[in-house]
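Here, each number is a calculation from the coordinates, and none is a lab measurement. Everything numeric in this text was worked out from a predicted model, so none of it was measured. Heads up, the Cβs are rebuilt from the backbone with ideal geometry, glycines too, and the neighbour counts pull from every protein chain shown.
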């Protein structure tokens, strides 16, 4: 039962954060940020968010900007989910480099 609740909360946070990042990155042409995975701690206090950034060369710069604006992103998330969640978890953002890893393996297999 507890795992089902965590999955529902993770999906809700992923959906809302993806909409927030979609609105934020419209102004930045040539950059796409998507939320690939969300992991929530069992007590719902910490949320690990994995972002896929295209192009990957700007990944470090964008993840730095996201971490700098972490409080405003959490506030915006809180406004969107205030009726579903009582406490908004602390957000921690990480780069999801699985697509780069897959591309590297494909290139190695082609050689």
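Roughly speaking, what is the centre-to-centre gap between the range 24-38 and the range 40-111 when only Cα atoms are used, to the nearest Å?
10 Å
Using label points projected 7 Å from each Cα along Cα→Cβ, tell me how many nm separate residue 19 and residue 45, to one decimal.
2.9 nm
Taking 8 Å as the Cα distance limit and 6 or more residues as the minimum spacing, I'd like the relative contact order of the chain as a percentage.
Across the chain, relative contact order equals 26 percent.
Taking the beta-carbon count within 10 Å as an exposure proxy, list 76, 61 from fewest neighbours to most.
Least to most surrounded, the residues fall as 61, 76.
How many nm separate the modelled label positions at residue 54 and residue 107, each set 7 Å beyond the Cα in the direction of the Cβ?
Inter-label distance under the simple model: 1.8 nm.
Where does each of 43, 100 land when they are ranked from fewest to most other beta-carbon atoms within 10 angstrom?
By the 10 Å Cβ count, ascending: 43, 100.
By count of other Cβ within 10 Å, fewest leading, how are 44, 108 ordered?
Placing the least packed residue first, the sequence is 108, 44.
Okay, helix-only estimate at 222 nm for the chain: each DSSP H run of n ≥ 4 adds -39500 (n - 2.57), divide by all residues, round to 500 deg cm²/dmol; what do you get?
About -17000 deg cm²/dmol.
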